[in-house]
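Working notes, structure below.
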Amino acid sequence: MIKKRNNILKIAIDSPAAAGAGTLGRAISNHYNLSYLDTGKIYRYVAYLKIKYPKKFNKKFLTLKIKNIKIKNLQNKKLLSDKIGSAASIVSKKKYIRKLVHSFQLNFAYNPPLKFKGSCLDGRDITYNIVPDADLKFYITANLKTRALRRFNELKNTNQRITYYEVLKSIKKRDKSDFTRKISPLKKTKDSLLINTTNLTKRACFLKIKKIIDKKLKINGNI
Ligand code: C5P
């Protein structure tokens, strides 16, 4: 049983790759003083460990690594590559890996450090598996070409050698895997609000979501 803090604000976000969930999650978390977790980074970290330690990589090794995971492990720039993203979508299909990652995410969502007013997590199964009782749920998406272009520009800015078409192909493949896998597939739950960021600037997206959150907080008497 994990410890749960009472009266905290919990925001859950699910989205396909490169839809802008990370940028929004971070902006919302800064604004409302929430502890933010990009859960994709955990699967990327697992994929990174699998590539770096192919011989040692097994359940026991991973259990220890996840138990001792630090935020700095998730900030490793190497996790940002397209190769690691694709490898993450393969390891994330494994039941034992999802199980190991589960309790880390629960603790993060329900027991954020006291300096935070709550938590905000984004991923693929957050709204219905990790934080099903979130106060607010969002499904953030954008069309495939827009997502590929955004990811391509991000990768270009970190000096990674990859073409737009390679990114497009990779995201398409990842979408297929994330949407159709048997275990914890990406889906929009009925109680999630759909935000399509295709034609919206980062600021416009933030303001749209802020309006929804403020309304909810007002109703609950928190503002
Ligand atoms: O969000 P990001 O693109 O970094 O995620 C990398 C991969 O990790 C995804 O393609 C997905 O397969 C997996 N993932 C997942 N569940 C989450 C977050 C990410 O399966 N909650």
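Would region 166-180 turn up any residue that is loosely packed, with under 12 Cβ neighbours inside 10 Å and more than 25 Å from Tyr43 (Cβ to Cβ)? Checked region 166-180: no residue is loosely packed, with under 12 Cβ neighbours inside 10 Å and more than 25 Å from Tyr43 (Cβ to Cβ).
Restricting to region 201-219, and then to whatever is open to solvent by 30 Å² or more (accessible area, probe 1.4 Å) and in contact (Cβ under 8 Å) with a residue 12 or more places away in the chain, can you tell me which residue is nearest to Ile90 (Cα to Cα)? Here the residue is Lys202.
When the residues of region 21-42 are filtered to those that are in contact with a helix residue (DSSP H, G or I) (Cβ under 6 Å, 6 or more places away or on another chain) and open to solvent by 20 Å² or more (accessible area, probe 1.4 Å), which remaining residue is nearest to Ile97 (Cα to Cα)? Among residues in region 21-42 that are in contact with a helix residue (DSSP H, G or I) (Cβ under 6 Å, 6 or more places away or on another chain) and open to solvent by 20 Å² or more (accessible area, probe 1.4 Å), the one nearest to Ile97 (Cα to Cα) is Lys41.
Yes or no: region 42-49 includes at least one residue that is part of a helix (DSSP H, G or I), among the β-branched types (Val, Ile, Thr) and within 13 Å of the ligand (Cβ to nearest atom). Checked against the condition, which is being part of a helix (DSSP H, G or I), among the β-branched types (Val, Ile, Thr) and within 13 Å of the ligand (Cβ to nearest atom), region 42-49 yields at least one hit.
None of Asn199, Asn159 is part of a loop (DSSP other than H, G, I, E, B), of a type outside the set (Asp, Glu) and modelled with pLDDT of 95 or more except Asn199.
Determine whether region 91-99 contains at least one residue that is open to solvent by 90 Å² or more (accessible area, probe 1.4 Å) and outside any loop (DSSP other than H, G, I, E, B). Yes, that holds for at least one residue. For the subset of region 181-196 comprising residues that are in a loop (DSSP other than H, G, I, E, B) and open to solvent by 80 Å² or more (accessible area, probe 1.4 Å), which member is nearest to Val101 (Cα to Cα)? Looking at the filtered set, the residue picked out is Lys182.
Sub-7 Å Cβ pairs linking a first residue in region 123-144 that is over 23 Å from Asp214 (Cβ atoms) to a second residue that is away from the ligand (no atom under 13 Å from the Cβ), at least 6 apart or interchain, are Tyr128/Thr189; Ala142/Asn196; Ala142/Thr197; Ala142/Thr198; Asn143/Thr198, ordered by first then second residue.
The values are calculated or read from the model by the stated rules, or taken from the named source; none is laboratory data. Source: prediction; values computed, not measured. When we count neighbours, we look across all protein chains shown, and the Cβ atoms used for this are built from the backbone with ideal geometry, even at glycine. When the accessible area is computed, the model is the full protein with side chains, heavy atoms only, and any ligands, DNA or RNA have been set aside. Shrake-Rupley method; radii C 1.70, N 1.55, O 1.52, S 1.80 Å.
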